Ligand code: NAP
C-alpha cells in the first residue's frame, strides 16, 4: 500500500520530538508500509536535502537504542521531502495538490501539527484543492478548541469538508501499550468483569503526575492550565477505559459509543460540588530532584499574577447501575514529587475479617502507565511468621511488568497511532461527540473559576500538591495511593 503523509508543521517541536522519531521506529520495525513519502510543510525555504540534514538533530534527545545508525538514517531520510508553504495562503495549497495528485497514493494522511488556530483553515483549504477524497485522513492534535463553543465550531467546520471517519483526533494516551492492555485485561479475560462494579470496588484513582514544570512552554501553558491540558482529554479518556461497559465488538464505533456513555453519565457539577470536589493549585518555589526550582509565576512566558492552575484534583461519579456511588478521583499536576501515571482500583475490604490484617489493607489493582508499564495486583497473604497464634496477613503483590515481559522494543504510542492512521483504524482516536461531551463536563468548572476570587492554592514544587487535595479524598474515608 502506498501512502503520502503530509506533516503540516514539519519543522516544529512536536514533529521533531515525537512524530519523526516515531516514524523512524516504524521504519526500523518494518511496519511502515513501503513506497511511502513523508512531506514536511512549513514556511522555511528548505530543499529536501537541507530538511533531511536538519532532522538528524531530532534524534539527539531520544534514547540511544532508538537512534538510527548512519546507513539506516539515509534509507529513512530518502522518504522525507519538504515543501515550503504558508498555510494561511490559499494559493500555496495548489502546489501541494499538484505534488500529491501526481502520485495518487492509496492512503493520504494530513497530520496537522501546527498551531490550533490553523486547523480549520488547513482543512478547508485541502478541500478547496480537492484533497479531501475518500482516501484522505486528517490527524488533529490537541487542543481542539479552548472550550465547548470553540470545539464545536472546529468540529462543525470539519463536517463541511470531511466525513467523521476521515478525522483522527489524537489523544496519545490511548496509544500507550498499558491503555491497550487495560482493554485487553478487561475484555479479554473473564477474571475481572464480575468484580468490576460498585459492590466490590471502593474507589478508583487516576493520577498523572509530572516532575517537570512548564519548561519552555510557559506562554502556551498559561493560556491552557491543567484542566484543559490533562483532565479534559487524557484523564477522561482513562476514566472511560476503566468505566465503560464491554463494547459489542472491537470496532471503533462500538468502543467509542461506550466511552461516550461514560462521559454522558458523569455526575453534573453544581457550584457547591465544584467548591467541595475540585481543588486547583499552582506550584510555588520548592525543590525538585534535589535542586531548588522557581515557582510558576517566575517561569518565563507566564503573565504576572496569573491564576492558571498547574494542579487539579477532583472527585466525580459515573451515574449508572454499575458505578453509582463509587468515587472516581482524578489528580494531575506539574512539579509534583514524582513522575508517574497510574490508575489504582481499590477494592472493598472483606465483609467479615477473620484474620488480623494491617489497618486499611484491602485488594488493589494498579495499572502503571508511566514511567514503567504494567499491572500490579495487591493481595493479602500469610507472612513468614507461622508461629503466631493469631494468624496475621501481610500485603504482597503480583507484578506484571510489560516492558520486562514483552521487551522494550514494544511499539510506542505515537508509532502505534501513526500506523493506525495510515491503515485507517480509528479505534484509538476520539470521536467529535466524545470530545464535545468532555468539554461540556469541564465547562462549569472553568466558568466557576473565572469568577472565583480565591484563585489556585499554592503548593511547594516537589510536593504532592495542595493539602486540600488530601483533605478532599479524606472526606470519603480514603487517601491517595502514595499515602496508602
Ligand atoms: P511549534 O513548535 O510552534 O511548530 C509549529 C509548526 O507549524 C512549525 O513547523 C511552523 O513552521 C509551522 N507553521 C506555523 N505557522 C505556519 C504557517 N502559517 N504556514 C506553514 N507552517 C506554519 O508547535 P508544536 O509545539 O510543534 O505544536 C504543534 C501542534 O501540536 C499544536 O497544535 C500543539 O498544541 C500540539 N501539541 C504539541 C505538543 C508538544 O509537545 N509540542 C504536545 C501536544 C500537542 P514555520 O514557523 O517555520 O512556518
Taking the C-alpha atoms of the chain, convex hull volume expressed per residue in Å³:
168
Cα centroids of segment 463-483 and segment 170-208: how far apart, whole angstrom?
22
With the 8 Å Cα cutoff and a minimum separation of six or more residues, segment 349-441 has a relative contact order in percent of 21
Checking rank on 171-184, 127-140, with mean other Cβ inside 10 Å and highest first, the result is 171-184, 127-140
Could you order peptides 423-432, 307-316 by the average number of other Cβ atoms within 10 Å of their residues, highest first?
307-316, 423-432
For residue 401 and residue 72, calculate 0.36 nm times their separation in residues minus their Cα-Cα distance, and state this gained length in nm to one decimal.
115.4 nm
Cα-projected label distance for residue 223 with residue 197, points at 7 Å along beta-carbon direction, nm:
4.8
Share, in percent, of DSSP beta bridges within the chain that are antiparallel, nearest 5:
55
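Looking at segment 3-141 only, what percent of DSSP beta bridges run antiparallel? Nearest 5 please.
Among the beta bridges of segment 3-141, antiparallel pairing accounts for roughly 0 percent.
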Average the reciprocal distances over every distinct pair of alpha-carbons in segment 3-141, invert the result, and give the Kirkwood radius in Å.
15.3
Give me the distance in nm between label points sitting 7 Å out from Cα along the Cα-to-Cβ direction at residue 451 and residue 289, one decimal.
4.3
Cut-off 18 Å (backbone N to label point 7 Å along Cα→Cβ of residue 153), residues of segment 418-440:
436-437, 439-440
Below 8 Å between Cα atoms, with a sequence gap of 6+, how large is the relative contact order for the chain in percent?
18
Return one number: the angle in degrees, 0 to 90 and rounded to the nearest 10, between the long axis of the Cα atoms of helix 20-29 and the longest principal axis of the Cα atoms of the chain.
90
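Rank by packing, highest mean first: peptides 47-53, 69-75, with packing defined as the count of other Cβ atoms within 10 Å averaged across residues.
So the order, starting with the most tightly packed, is 47-53, 69-75.
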For segment 84-144 and segment 350-421, what is the separation of their Cα centres, given in Å?
46
Whole-Å distance, taken between Cα centres, linking segment 433-447 and segment 40-69
38
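Where does each of 76, 220 land when they are ranked from fewest to most other beta-carbon atoms within 10 angstrom?
Ascending Cβ contact count within 10 Å gives the list 220, 76.
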Using only alpha carbon positions, build the gyration tensor of segment 93-224, then give the equivalent ellipsoid semi-axes as the square roots of 5 times its eigenvalues, largest first, whole angstrom.
36, 22, 15
Ignoring everything except DSSP H segments at least 4 long, calculate the 222 nm mean residue ellipticity for the chain; use -39,500 (n - 2.57) per segment, divide by total residues, nearest 500.
-9000 deg cm²/dmol
Relative to the longest principal axis of the chain, what angle (0 to 90°, nearest 10) does the C-alpha long axis of helix 92-101 take?
90
When only alpha-carbon atoms are used, what values of Rg and Dmax, in angstrom, describe segment 237-378?
19.2, 59
Neighbour-count ranking [beta-carbon atoms within 10 angstrom, fewest first] of 240, 58, 479
479, 58, 240
Can you report the principal axis dimensions of segment 1-71 using only the alpha carbons, biggest first, rounded to whole angstrom?
31, 31, 22
The extension gain from residue 216 to residue 128, computed as 0.36 nm times the residue separation minus the Cα-Cα distance, is 28.1 nm
Compactness summary of segment 188-320: radius of gyration and Dmax from Cα atoms, Å, are 18.4, 54
By counting other Cβ atoms within 10 Å of each Cβ, how are 321, 464 ranked from fewest to most?
321, 464
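Read-outs: derived from the displayed coordinates by stated rules, not from any lab. Just so it is clear, the model here is predicted, and its values are computed rather than measured. For neighbour counting, all protein chains shown are included, and Cβ atoms are generated from backbone atoms with ideal geometry for every residue, glycine included.
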